[in-house]
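One structure below.
The values are calculated or read from the model by the stated rules, or taken from the named source; none is laboratory data. It should be emphasised that the depicted structure is a prediction, and the values quoted were computed from it without experimental measurement. Ideal geometry is used to build each Cβ from the backbone, glycine not excepted, and the neighbour counts take in all protein chains shown.
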Amino acid sequence: MGNLLRLLRILHVGLRFRLYRFLPRFSGAADPGRAVRLREALEALGPIFVKFGQVLSTRRDLLPADLADELARLQDQVPPFAFEQAAAEIESALGKPLAEIFESFDRQAAASASVAQVHIAMLRGGIEVAVKVLRPGVEQAIARDVQLLDTAAGMLERLWADGRRLKPREVVAEFARHLEDEMDLVRESANASLLRRNFAGSPLLAVPEVHWDYCARRVMVMERMHGVPISQIENLKAGGIDIPALARAGVEIFFTQVFRDGFFHADMHPGNILVGVDGEHRGKYVALDFGIMGTLSETDKNYLAQNFLAFFNRDYRRVAQAHLDAGWVPAGTRMDDFEAAIRAVCEPIFARPLREIYFGKLLLRLFQTSRRFNVEVQPQLVLLQKTLLNIEGLGRELDPDLDLWATAKPFLERWMSEQVGWRGLLRTLRREAPTWSQTLPAIPRLVHRLLAEDRLGQLEAALDRLAEQGRRRNRLLAALVALGAALLGALLLL
């Protein structure tokens with residue numbers, strides 16, 4: 001019943017803001033107010049719809065300029081909630097009146113987004129900080145919409161031929177997990193601390209320091225960072241910032257997070273990124289908002305690196321083989337067909353600047369190829385795919401002539417040589433050395449215990465049983481092969 005009411009609410013909002021005017025049959029009619037209506041409709045529908053608008057706003061290559069400009073307001077200009085509500089949340093979370101914690105506190109929100117808003121304040125002692133506060137009732141609003149998405153995903157799996165392959169319910173579950181993390185500001189504080197530690201001393205990226213004494217589940221206090229929003233390119237040029245170099249640095253930051261650390265900022269829309277124009281952070285990216293972070297296992301990193309490098313080298317056979325080895329395509333897939341399909345999608349975009357790559361057509365062809373070869377969607381990589389779209393959209397805005405492939409390839413080659421070569425072996429040995437130093441002295445005691453408890457005898461008996469099962473299996477296999485040969489011979493004689 002709750003999902004039905006929510007669906008009716010969505011339909012009501014769509015009609016109220018005349019979103020039907022976006023349908024193809026109305027697309028030719030002039031509609032100067034459509035961008036504002038779309039933004040206001042997404043704001044009215046709540047946090048998940050606002051996030052969808054944020055993602056769309058980063059893809060100016062896929063949207064008309066008026067829609068992209070208006071949706072960009074969703075990045076940090078969602079209507080704020082009242083100061084009194086923010087103050088009540090902070091005092092409840094920290095257990096003290098605002099006046100005991102802060103020398104000053106700006107009543108006007110400096111930024112307001114779908115899940116939280118930020119106020120500028122001064123701690124006792126004169127330290128300037130940014131105070132992030134969750135929206136009242138945001139947890140219930142998101143839970144309601146996630147339930148609706150899960151219901152829709154279940155219907156998609158049952159009614160659409162590609163539903164099971166695309167795993168929509170798993171994708172929704174992954175999305176819901178990250179949204180839940182985003183609503184815990186203690187977790188976000190820990191994310192910020194780890195990213196800051198990973199990029200300590202970096203000439204490319206600055207991350208604010210967290211003030212842990214003033215953090216709770218619904219409140220986060222961190223260092224106030226200064227800079228120009230990355231979307232304000234003319235202001236950055238006026239400040240003497242090298243824009244092409246900034247675009248290349250963005251690519252390097254992304255690949256460093258993914259392949260060196262396996263921990264990456266997964267919400268890199270322009271509202272969450274500043275650029276320092278003076279002081280110690282001049283020319284650096286300044287990261288904000290660490291609620292949605294992605295992680296990758298060593299297996300995922302190695303798989304992705306092999307695919308990227310093979311792609312950069314136009315080795316499509318290796319790309320196809322990597323998919324097969326990872327189990328992402330059925331075992332019986334013909335590699336020559338799969339290789340040819342990948343080549344047909346990828347080859348046209350090689351050695352082209354971003355301004356000449358039409359990602360809408362590329363994504364459509366990739367989807368058609370994955371459908372043809374039953375490529376399974378990997379839910380753990382959905383955030384990475386979303387981040388890649390953000391990075392590519394950001395790079396397009398900064399420097400349309402950026403050669404994404406030439407910028408990324410040297411970094412990946414260096415990373416692969418460090419992982420697979422002798423440096424990788426030494427790193428693994430250093431990582432495992434503490435475990436070995438504890439395990440090796442214990443081996444004689446463990447062997448003595450096995451002998452005393454006759455566990456070796458039990459192990460030997462178990463191995464004998466496995467060997468006998470193997471012999472039976474081999475005899476059955478031999479019989480099946482003989483039967484198949486006999487049938488084949490009979491067919492040939494007919």
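Brief remarks follow.
- The set of residues in the stretch 200-227 being more than 24 Å from Gly125 (Cα to Cα) and surrounded by fewer than 20 Cβ atoms within 10 Å (Cβ to Cβ) consists of Ala200, Gly201, Ser202, Pro203, Leu204, Arg217.
- Residue that is farthest from the chain's Cα centre (by Cα), among those in the stretch 226-239 that are farther than 15 Å from Pro270 by Cβ and touching a residue at least 12 places away in the same chain (Cβ under 8 Å): Gly239
- Identity of the residue in the stretch 372-391, modelled with pLDDT under 70 and among the β-branched types (Val, Ile, Thr), that ends up surrounded by the most Cβ atoms within 10 Å (Cβ to Cβ): Val382
- For the stretch 193-220, filtering for residues that are more than 19 Å from Met268 (Cα to Cα) and in a helix (DSSP H, G or I) leaves 3.
- Residues satisfying the criterion are present in the stretch 26-42 (criterion: assigned to a helix (DSSP H, G or I), modelled with pLDDT under 75 and over 29 Å from Ala121 (Cβ atoms)).
- Residue list for the stretch 240-271, restricted to those being over 27 Å from Ser114 (Cβ atoms), charged (D, E, K, R) and assigned to a helix (DSSP H, G or I): Arg248, Glu252, Arg260
- Cβ pairs under 8 Å, 6+ apart, first in the stretch 304-327 and outside the structural domain of Ala341 (by TED's automatic domain parsing) and closer than 22 Å to Phe263 by Cα, second part of a loop (DSSP other than H, G, I, E, B) and modelled with pLDDT of 75 or more: none
- Tally, over the stretch 75-107, of residues that are within 19 Å of Asp289 (Cβ to Cβ) and surrounded by fewer than 12 Cβ atoms within 10 Å (Cβ to Cβ): 1
- Positions within the stretch 253-271 being of a type in the set (A, V, I, L, M, F, W, C) and closer than 19 Å to Thr299 by Cα, in sequence order: Phe254, Phe255, Val258, Phe259, Phe263, Phe264
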